[in-house]
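To keep things clear, I will list the structure first and then write my remarks on it.
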Amino acid sequence: MTLYLRLYWEFFKTGLFAIGGGMATLPFLKDIGATTGWFSQTDLMNMLAVSESTPGPVGINMATYVGYTVGGVPGAIVATIGEVTPSIIVILIVAAMLAKFRDSQYVANAFYGLRPASTGLIGAACAGVMLQVIAGITSASQEDSILMKFSWDGAISWRGIILALVLLVFTRYIKKTKDLHPIVFIGVSAVIGVVFHFAGV
Amino acid sequence: MKELLELFLTFAKIGVMTFGGGMAMLPILEREVVQNKHWATEEELVDYFAIGQCTPGIIAVNTATFVGQKRKGAMGGITATLGVVFPSLVIITILAGLITNFAHLAWVQNAFAGIQVCVCVLILNAVLKLLKKSVVDKRTAVIFVIVLLGNMLLSVSPVWFVLLSALSGIVLKNLEGRAAK
């Protein structure tokens with residue numbers, strides 16, 4: 001029972017503080033994994049990949065997946081309900097005073113600071129997973145220090161770097177392919193992973 | 001009751017058809033909510049979507065709650081939200097079970113290792129896109145860099161960065177207003 005309460009609370013926090021949609025929940029999910037030990041960063045990457053390539057909003061898919069990993073079907077339900085609870089409360093309040101909210105200088109000013117911070121958090125999560133996937137560098141919190149501890153397992157993935165660069169070109173610079181749905185790139189990457197033995201097995 | 005059921009089913013349909021979330025959802029919402037059901041006008045929907053983007057939580061859920069509450073009050077908001085998350089619950093639960101069973105196979109591990117690289121690139125693209133909208137001047141650039149480095153190097157909950165940045169937004173804009181006077 002306490003597991004489900006904790007799960008609900010962690011996802012309630014995620015729903016309350018993640019601003020800017022699905023991807024914005026990533027740094028919070030990473031933090032949940034790091035502080036509870038429920039799942040690793042690699043698990044989270046795989047869950048994100050599945051969430052991007054299945055129907056439904058990415059943020060909800062991730063909450064469901066993480067919840068399922070932690071506590072089966074009840075876990076999936078509890079995590080998802082936890083994540084949407086703050087949305088429902090906040091939106092019902094905002095809807096009741098829509099005009100005031102839209103014209104509030106305080107709200108606008110707060111978001112002036114919130115937007116770059118939210119981008120910074122997603123950027124940090126992005127840098128973290130990149131370092132791990134491509135350079136084999138992982139970070140973990142330490143017991144007696146506020147600083148993160150970085151460790152390197154000595155394995156730089158040249159295949160990973162080449163694939164990342166190629167994907168970057170196709171998703172950003174080539175007109176014909178850059179607007180394709182992410183699932184296309186995920187599918188191609190899966191095939192390349194199998195053909196070139198990306199996991200080394 | 002019939003209206004609540006209709007809300008649930010319509011938003012479940014929107015949930016299934018949303019692939020990727022966020023912006024991908026707007027045209028589907030327009031077709032279902034504005035053109036088919038006439039639950040909101042085009043302008044109202046754009047307003048809801050804009051507010052849904054800058055309030056906490058998943059954009060799809062925020063917009064669903066908005067449309068639902070307009071139609072049937074608080075119960076309507078809750079029902080529409082349950083509708084939009086329902087397909088995810090079913091689909092992901094089935095997939096997660098399958099993937100767990102096949103995770104030990106070499107080709108599945110290799111496939112996921114390739115996918116992980118792709119996910120890195122997709123997140124990077126999302127960040128670059130967000131940068132254009134959120135870093136609009138020197139001060140927002142400083143906030144971005146501080147949060148980016150702070151969250152990477154310090155083991156502090158992201159919640160603190162969110163709270164402090166909201167506060168600094170208010171303070172910075174306030175100082176600016178005073179300087180202008």
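The values are calculated or read from the model by the stated rules, or taken from the named source; none is laboratory data. From a predicted model like this one, the values you see are computed outputs, not experimental measurements. Cβ placement follows ideal geometry from the backbone for every residue including glycine, while neighbour counts extend to all protein chains displayed. Just the protein is used for accessible areas: all its heavy atoms, side chains included, with ligands, DNA and RNA removed. Shrake-Rupley method; radii C 1.70, N 1.55, O 1.52, S 1.80 Å.
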Axial C-alpha extent at least 24 Å, average Kyte-Doolittle at least 0.5 - helices from chain B (DSSP): B:59-102, B:106-134, B:158-180
Flagged links, alpha-carbon separation over 29 Å, of A:Lys176/B:Lys138; A:Lys176/B:Lys70; A:Lys13/A:Lys149; A:Lys176/B:Lys132: A:Lys176/B:Lys138; A:Lys176/B:Lys70
Net charge over other residues, Cβ less than 10 angstrom from the Cβ of B:Asn125 (K, R count +1; D, E count -1): +3
Where A:Ile93, B:Ile78 fall by accessible area, highest first, once all protein chains stay in place (1.4 Å): A:Ile93, B:Ile78
Solvent-accessible area, 1.4 Å probe, carbon plus sulfur percent, for segment A:1-126: 66 percent
Most to least accessible of B:Glu30, A:Glu83 (protein chains only, probe 1.4 Å): B:Glu30, A:Glu83
On Cα atoms only, tilt of A:2-17 relative to the major axis of chain A in degrees: 80 degrees
Sequence of A:Arg172, B:Arg178 from largest to smallest accessible area, 1.4 Å probe: B:Arg178, A:Arg172
Summed residue charge, Cβ within 15 Å of A:Ser51's Cβ, Lys/Arg positive, Asp/Glu negative: -2
With Cα atoms, 0 to 90° folded angle of helix A:26-36 axis to chain A main axis: 90 degrees
Helix-only CD estimate at 222 nm, as mean residue ellipticity for chain B, using -39500 (n - 2.57) per DSSP H run (n ≥ 4): -27500 deg cm²/dmol
Rounded, prolate or oblate (a/c below 1.5 giving rounded, otherwise prolate when a/b exceeds b/c) for segment A:43-109 by Cα gyration tensor: prolate
B:Ser165 - accessible surface, heavy atoms, 1.4 Å probe, Å² rounded to 10: 10 Å²
Degrees, to the nearest 10: A:58-96 long Cα axis against longest axis of chain A: 40 degrees
Partner chain coverage, peptide B:169-175 - average Cβ within 10 angstrom: 5
With DNA, RNA and ligands ignored, accessible area of A:Ile137 (1.4 Å probe; Å², nearest 10): 50 Å²
Area of A:Arg6 that stays accessible when all protein chains are in place (1.4 Å probe, Å², to 10): 100 Å²
Structure-based [θ]222 nm, chain A - -39500 (n - 2.57) summed over DSSP H runs of at least 4, per residue, nearest 500: -23500 deg cm²/dmol
